[in-house]
Amino acid sequence: MGGLGKTMLVKQVAQQAKQHNLFTTDIFIDVSWTRDSKKDEEGIAKIQQKTAEMLDFQFKGKDESTRADELKQRLQKKKELEKDKESKKENQPEKEKEQKKEKILIILDDIWKEINLEKVGIPFKDDQTICKLVLVSRDENRLRKDMGAQKCFQIKHLQREEAWHLLKNTVGDYVEGDQLRPIAIEVLDKCGGLPIAIVTIAKALKDETIAVWKNALNELRSCAPINIEGMDEKVYTCLKWSYNHLKSDEVKSLFLLCGCMSYYGDISMDQMLRYAIGLDFFDRIDSLEGAINKLVTLVKTLKASSLLLDGDGSGVGASRLLFMDGDHKSVRMHDLVRDVARIIASKDPDRFKVVEVPSDQDWTKIEDESKFISLYCKAVLKLPPKLVCPKLQFFILQSDSGASLNTIPNTFFEGMNQLKVLALSGMHFPTLPSTLQSLSNLRTLCLDRCKLGDMAIIGELKKLQVLRMVGFDI
């Protein structure tokens, strides 16, 4: 189950191991890409690269199998070298010799399906390896049966005392007051012992009056139950309540935009800024510096509510230009928070909507009243001649490297006069669609990883403020 604090727990394990000098190197790798079967090759390459970087090791080979052999030899060869060195240092104190040994902790977090570690180059079945491997998943069978884990530790819901301790640490000692304590205990019960629910609710209620706590309890009691596969009902209820109590429409819109942008990795602050400018989030702000400051402020509010987390820079499109501060380069969403954001958006026609390509490719299933669509193409498909969405303001079309979609019909944008943000990636345009020039309100245009021919039509977009073309080919 998600929301139990597995990631935080293993990070603390790594930190304590480091403090006690149990390992010379610890490597934490988020492998949430395992949700998507088409990302295996790319994901294995990321594990190899991250491991090599942490070991200060340079690959000589280019392909996956060669790099796997190099990494495996590096991990095993080091062990043999240490044995040779030990034989030459008989007179060294035992403690000093022990400190010289290399020991590596590798943590693979958020495993959704089996990872072939032999393809990566991690010799997990070799007793002589200098690695200890920690695997984290919601599915115990995935670890025990598929990955061959030797020991499995199940993380359970917090007990009442533990949950109360977490709540108190988050909101402060005033929660122990005679009048507030019984109300807080009932609020805590609505969180079901799930850390992600407790923390988001606690941060929203911190320093609030008893009346606000009572109102929160009544609202949590009255929330209609919802059945979402893989999500505890209490998680949805608590996260939805936290969203409802965000202080402004601006921060709510940014939260839903992040849910729309989040695909198993970091969300680039640069990218978020481009979309927010295009959607005119920053009303009455007429400078780039002002827009940046506003975005940082809104993101800080969402982080304070635990609805956004710090990114690690590993996501697609991590910021490089406008946000050079390490704390502001990227953010990420817990996958449960992202799922809740998309559910909220799907129930509100004026908010953001993430659309998966219909399996039967029946495009009539995409509502013509939609204002915000993020379309993620994972499978072979062909776009219709025209997408009838006259109110559409925001459209992202991401073509996976494994998808055959690489172009757009000439008449596709006909009737999308309200479109403000258009982001296309992985497309092939000998000539840009002629109906692109009809997008008279377009403010942001992103053409990443696109193969472009004649681009003169871009000059006809009179309201365009942001143009991005990264990794393009002409």
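The values are calculated or read from the model by the stated rules, or taken from the named source; none is laboratory data. Worth saying up front: this structure is predicted, and the values here are computed from it rather than measured. Ideal geometry is used to build each Cβ from the backbone, glycine not excepted, and the neighbour counts take in all protein chains shown. Each accessible area value is taken on the protein alone, full model and side chains, heavy atoms only, with ligands, DNA and RNA left out. Shrake-Rupley method; radii C 1.70, N 1.55, O 1.52, S 1.80 Å.
Scanning the range 440-463 for any residue that is modelled with pLDDT of 85 or more, part of a loop (DSSP other than H, G, I, E, B) and open to solvent by less than 20 Å² (accessible area, probe 1.4 Å) turns up at least one such residue. If you go through the range 147-169 and keep only what is touching a His at 6+ places or on another chain (Cβ under 9 Å) and in contact (Cβ under 8 Å) with a residue 40 or more places away in the chain, you end up with just L158.
Here K72 meets each of (1) within 26 Å of the chain's Cα centre (by Cα); (2) modelled with pLDDT of 85 or more; (3) open to solvent by 80 Å² or more (accessible area, probe 1.4 Å) with one exception, condition (1).
Total residues in the range 422-439 satisfying the condition of being open to solvent by less than 40 Å² (accessible area, probe 1.4 Å) and more than 18 Å from S268 (Cβ to Cβ): the figure is 7.
Can you confirm whether K156 is open to solvent by 70 Å² or more (accessible area, probe 1.4 Å), over 26 Å from the mean Cα position of the chain (by Cα) and modelled with pLDDT under 85? Judged against the criteria, K156 is not a match. Entry remark, the range 171-214: residues being open to solvent by 70 Å² or more (accessible area, probe 1.4 Å) and among the aromatic types (F, W, Y) number 1 in total.
Got a sec? Which of L257, L246 is open to solvent by less than 10 Å² (accessible area, probe 1.4 Å) and modelled with pLDDT of 85 or more? Of the residues listed, the single one that is open to solvent by less than 10 Å² (accessible area, probe 1.4 Å) and modelled with pLDDT of 85 or more is L257.
Residue check: Y263 meets all listed conditions (1) open to solvent by 10 Å² or more (accessible area, probe 1.4 Å); (2) under 30 Å from F395 (Cα atoms); (3) in a helix (DSSP H, G or I); (4) modelled with pLDDT under 85 but one, namely (3). Just one residue in the set I130, I104, I111 is aliphatic (A, V, I, L, M), at pLDDT 70 or above and farther than 30 Å from K156 by Cβ; that residue is I130. Residues in the range 48-63: is at least one open to solvent by 30 Å² or more (accessible area, probe 1.4 Å), assigned to a loop (DSSP other than H, G, I, E, B) and under 21 Å from D312 (Cα atoms)? Within the range 48-63, one or more residues are open to solvent by 30 Å² or more (accessible area, probe 1.4 Å), assigned to a loop (DSSP other than H, G, I, E, B) and under 21 Å from D312 (Cα atoms). A search for C-beta distances below 6 Å between a residue of the range 448-474 that is closer than 18 Å to L397 by Cα and any residue that is assigned to a helix (DSSP H, G or I), counting only pairs 6+ apart in sequence or on different chains, returns V466/R274; V466/I277. Across the range 217-240, the number of residues qualifying as part of a helix (DSSP H, G or I), more than 19 Å from the chain's Cα centre (by Cα), modelled with pLDDT under 85 and under 21 Å from L167 (Cα atoms) comes to 7.
Which one is farthest from K119 (Cα to Cα), of the residues in the range 18-46 that are out of contact with any Lys or Arg (no Cβ under 9 Å at 6 or more places or on another chain) and open to solvent by less than 20 Å² (accessible area, probe 1.4 Å)? Selected residue: S32.
Note on the range 317-355: residues that are open to solvent by 60 Å² or more (accessible area, probe 1.4 Å), closer than 25 Å to D109 by Cβ, modelled with pLDDT of 65 or more and outside any loop (DSSP other than H, G, I, E, B) total 1. Considering the range 365-418, and only residues there that are under 18 Å from L442 (Cα atoms), among the hydrophobic types (A, V, I, L, M, F, W, C) and in contact with a Ser or Thr (Cβ under 7 Å, 6 or more places away or on another chain), the residue that is modelled with the lowest pLDDT turns out to be C389. Of the numbered conditions (1) open to solvent by 50 Å² or more (accessible area, probe 1.4 Å); (2) more than 22 Å from the chain's Cα centre (by Cα); (3) under 19 Å from I155 (Cβ atoms), T7 fails exactly one; give the number of that condition. So the condition that T7 fails would be (2).
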